[in-house]
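Before any comments, here is the structure.
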Amino acid sequence: MPSYASGRHAWARCQRCGDRIRYTQLRKDGHNPELLVGPCCYDIAHPTEKPFKADDAVALKRPSPDTDDDSAGAGGTLAATLFTGVNYFGGGT
């Protein structure tokens, strides 16, 4: 891993206006992070200009069926409650 100098005695040019400033005062621009600019040219990116994450999770990763069915009444399943006394499943006359 190469080591770099701290730059505390170095000078640099602002990539937006060309002013000569201290190297340690350079920072990435808010709108265009590829530019290294001085404090006079630094633009803050407004939060409404940043893209937002529009995906919304709808499905569950590992869903499980709802086994607590209160609509069946006490002691039975929903199918047994709905089809009581009616022979829908064959075998009757």
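The values are calculated or read from the model by the stated rules, or taken from the named source; none is laboratory data. Here the structure is a predicted model, which is why all the values come from computation and not from measurement. Cβ atoms come from the backbone with ideal geometry, glycine included; neighbour counts cover every protein chain shown.
Of the residues contained in the range 32-43, one or more are found to be free of Cβ contacts under 8 Å to residues at least 12 places away in the same chain, touching a strand residue (DSSP E or B) at 6+ places or on another chain (Cβ under 9 Å), in a loop (DSSP other than H, G, I, E, B) and acidic (Asp, Glu). Tell me, yes or no, whether the range 45-56 has at least one residue that is loosely packed, with under 12 Cβ neighbours inside 10 Å, at pLDDT below 85, among the aliphatic types (A, V, I, L, M) and not in a helix (DSSP H, G or I). The answer is yes, given that some residue of the range 45-56 is loosely packed, with under 12 Cβ neighbours inside 10 Å, at pLDDT below 85, among the aliphatic types (A, V, I, L, M) and not in a helix (DSSP H, G or I). Within the range 4-20, residues that are at positive phi sit with their Cβ atoms under 9 Å from residues that are not aliphatic (A, V, I, L, M), at 6+ positions apart or across chains, in these pairs: 7/22; 7/23; 7/24. Please verify whether the range 21-30 includes one or more residues that are basic (Lys, Arg), in a loop (DSSP other than H, G, I, E, B) and either surrounded by 14 or more Cβ atoms within 10 Å (Cβ to Cβ) or at pLDDT below 90 (or both). No, the range 21-30 contains no residue that is basic (Lys, Arg), in a loop (DSSP other than H, G, I, E, B) and either surrounded by 14 or more Cβ atoms within 10 Å (Cβ to Cβ) or at pLDDT below 90 (or both).
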